[in-house]
1. Give the range of the longest stretch in the chain that excludes all GluC sites (Glu not before Pro) found in loop regions by DSSP and having at most 13 other beta-carbon atoms within 10 Å.
2. Which values, in whole Å and largest first, are the semi-axes of the equivalent ellipsoid of the range 128-269 obtained as the square root of 5 times each eigenvalue of the Cα gyration tensor?
3. Hey, got the Cα dimensions of the range 193-349 along the principal axes, in Å, largest first?
4. Find the relative contact order for the range 69-214 and round it to a whole percent, using C-alpha pairs within less than 8 Å whose residues are 6+ positions apart.
5. Could you tell me how far the Cα centroid of the range 6-42 sits from the Cα centroid of the range 310-338, in Å?
6. Contour minus end-to-end for Ala350 and Asp322, with contour as 0.36 nm per residue of separation and end-to-end as the Cα-Cα distance?
7. Run lengths n ≥ 4 of DSSP H only: what is the helix-derived mean residue ellipticity at 222 nm for the chain, with -39500 (n - 2.57) per run over all residues, to the nearest 500?
8. Please give me the summed charge of the neighbours of Lys226: other residues whose Cβ is under 14 Å from its Cβ, Lys and Arg +1, Asp and Glu -1.
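Nothing in this text is a laboratory measurement; each read-out follows from the coordinates by a stated rule. Keep in mind that what you see is a predicted model, and the values were worked out from it rather than measured. When we count neighbours, we look across all protein chains shown, and the Cβ atoms used for this are built from the backbone with ideal geometry, even at glycine.
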Amino acid sequence: MKIGISTSVVARGRSGIGQYVFGLVRGLLDQHNAHEYVLFVLERDVDLFKFAEGRARIVTVPERFRPPIKDIFWHQTRLPQLVRELGVDVVHVPSYRRLMWTRSCARVGTVHDLAAFEVKGKYDWARMFYGRVVARSLVWRQDNIIAISKTTATDMNKHFGLPTEHVSVIHNGLDHSRFFPARPERFTHDAPCFLYVSRLEHPAKNHWRLIQAFNQFKEVTRSKWKLVLAGGDWHGAEVIHRAAKESPFADDIHMLGFVSDADLPDLYRAADVFIYPSLYEGFGMPPIEAMACGCPVIVSPRGALAEVVGDAAYIVNPEQIDSIRLAMQRVATDDVARAQLRKAGLERAALFDWHRTATETLRVYENAYRKRSTQPSRRSWFETEFPNTMPEPNLKRVSTD
């Protein structure tokens with residue numbers, strides 16, 4: 001098979017979906033099978049896929065298609081033409097908002113979460129309309145859908161009406177060559193610290209309540225513990241920055257901004273406790289990454305988090321500040337509890353591996369291809385009504401220009 005993978009949602013490597021794409025592509029390329037891979041990559045992201053050079057064909061996408069609306073347009077107009085011209089058998093789009101409408105080849109999509117349907121105020125009305133109406137239709141038109149957790153599969157049935165038996169649940173993997181216990185080299189602290197790795201998004205990531213819980217923790221314990229927040233600004237970040245600035249313990253709250261992939265494992269190793277009070281996650285990579293680095297974890301059970309961490313983390317109610325504070329107090333002051341969480345976390349993290357994820361995903365591609373091969377070829381309404389509107393790609397330059 002010739003397998004095409006859209007990578008436009010990697011957000012310059014600064015998103016969870018980006019880590020999914022990188023991990024999956026690496027896992028697929030390491031399979032050593034006869035399949036061919038074509039990666040559709042935005043111009044400024046090409047350097048991020050150097051690891052695929054010589055093992056996959058890189059088709060560059062003009063940078064002007066990076067903005068979300070233009071990116072969606074590209075997936076509905078340029079991508080269908082490209083997969084026909086390049087003879088792609090299966091195309092995988094790892095974002096439910098960008099799934100391909102036309103039946104140019106077998107189509108596989110990944111749905112990471114439907115948090116916007118579960119967390120009030122996460123997105124504006126326009127994005128919600130697109131999700132409820134357009135994205136729902138796109139999901140139904142795919143040959144196979146991958147959900148990264150059982151929770152996401154259940155949510156698709158709840159919000160899109162998609163039967164769970166039509167969805168393949170494949171958990172995210174973990175790169176154990178990067179995430180493992182070791183002595184931190186770059187990040188050091190002059191006092192013990194709680195670490196939260198997440199983009200600064202309010203209200204979904206729940207930083208505000210975490211800061212309030214930290215304030216209470218400091219008032220009660222009078223300890224030297226610090227709170228470290230790592231992540232770039234997102235929607236509502238100003239609320240989080242204001243809460244940290246107005247804290248009576250502002251000097252003990254450190255905002256690191258975005259932390260590179262190369263530095264992330266060392267950041268986990270330097271932390272004494274990792275805390276993840278998110279209001280909803282379709283999977284939740286950071287808790288598992290922290291566990292793999294030997295860091296005890298406190299976590300919310302919302303969305304798929306309870307499914308992912310199992311019994312290896314201290315569970316809190318993310319909407320109750322007292323619950324978060326009590327967990328911080330218990331884990332910070334109990335050496336035995338931290339040791340137990342550390343041991344359980346390492347065992348749990350060992351269950352996740354990108355090679356396993358890639359093997360299961362390849363099976364989905366094969367099933368989608370077989371399904372497509374047994375169905376009669378049909379042209380989409382768009383292709384029938386406007387057969388000459390899609391420009392020819394310049395394949396000599398390996399570009400969509």
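1. Working: sites that count: Glu185, Glu319.
In short, 1-184.
2. Values: eigenvalues 268, 88, 34 Å².
After diagonalising the Cα gyration tensor, the semi-axes are 37, 21, 13 Å.
3. Result for the range 193-349: principal-axis Cα extents of 39, 32, 29 Å.
4. Numbers: 161 pairs, mean separation 25.7, N = 146.
After rounding, I find 18 percent.
5. For the range 310-338 versus the range 6-42, the Cα centre distance is 35 Å.
6. Working: separation 28, 0.36 × 28 = 10.08 nm, distance 3.18 nm.
So the chain would gain 6.9 nm between Ala350 and Asp322.
7. Details: 15 runs with 156 residues, N = 401.
Per the formula, -11500 deg cm²/dmol.
8. On the way: positive: Lys218, Arg222, Lys224; negative: Asp190, Asp251, Asp252, Asp272.
Neighbour charge sum, excluding Lys226 itself: -1.
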